Amino acid sequence: MSGDPIWLGCFVVLGASAFMVLRPVWFFGRKLSLEEALSVCWVTWSIYMGAFVIYIGLKLPLGLSRDAHAPAVGMAVCASLIAILWLARVTTDWRSAVTRSIFGLFILTLIVVPITASLALSRH
């Protein structure tokens, strides 16, 4: 389980966001409240999961094998870290960012799952 690229990507993303929270002055220019720190970790993880959901949705139509997991996880990690570094530099309302990330991930999943399911059914 710990050797699976999906889990490794999760640990990398959460570890990087935890590092940012532990050194907030370097990244945010100020100290963070506990709510902001947890929000940073949540938003980073949800961006990572959103990117991975997109990969899962593309996997079937593109005919990707399990060997494509590692590069997809790498791209998802990079996307989430770049996004969180950008969010750290702009003035961000973290409560609003968490709300948008929850709804964004939910809506993305609601879009990708039916499309992937219909593509899977059409292949048979």
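Data table
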quantity: FRET efficiency, 1/(1 + (r/R0)^6) with R0 30 Å, evaluated for Ile82 and Leu121 via beta carbons; calculated: 0.25
quantity: Mean Cα-pair separation over length for the chain, i.e. relative contact order, pairs under 8 Å, 6 or more apart, %; calculated: 35
quantity: Distance-filtered residues of region 81-109 - backbone nitrogen under 15 Å, label point 7 angstrom along Ser33 Cα→Cβ; calculated: 92-99
quantity: Mean Cβ count within 10 Å, highest first, over the residues of peptides 72-78, 44-50, 20-26; calculated: 44-50, 72-78, 20-26
quantity: Unit charges at the beta carbon, dipole of the chain: most positive-side option, Leu108, Leu58, Pro24; calculated: Pro24
quantity: Under the span-like rule (Cα at least 24 Å along the axis, Kyte-Doolittle mean at least 1.6), DSSP H helices of the chain; calculated: 5-22
quantity: Label-point separation, Ala70 to Val25 (7 Å along Cα→Cβ), nm; calculated: 4.0
quantity: Spin-label pair Phe103/Leu62, simplified geometry with 7 Å Cα→Cβ offset, distance in nm; calculated: 2.9
quantity: Dipole moment magnitude, nearest 20 debye, the chain about Cα centre, only Lys, Arg, Asp, Glu C-beta charged; calculated: 140
quantity: Gap separating the Cα centres of region 13-31 and region 98-124, nearest whole Å; calculated: 31
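We did not get these values from a lab; they are worked out from the coordinates using the rules stated. Predicted model, so just to flag it, every value in this text is computed and none were measured. Don't worry about glycine lacking a Cβ; one is built from the backbone with ideal geometry, like all the others, and counts go over all protein chains shown.
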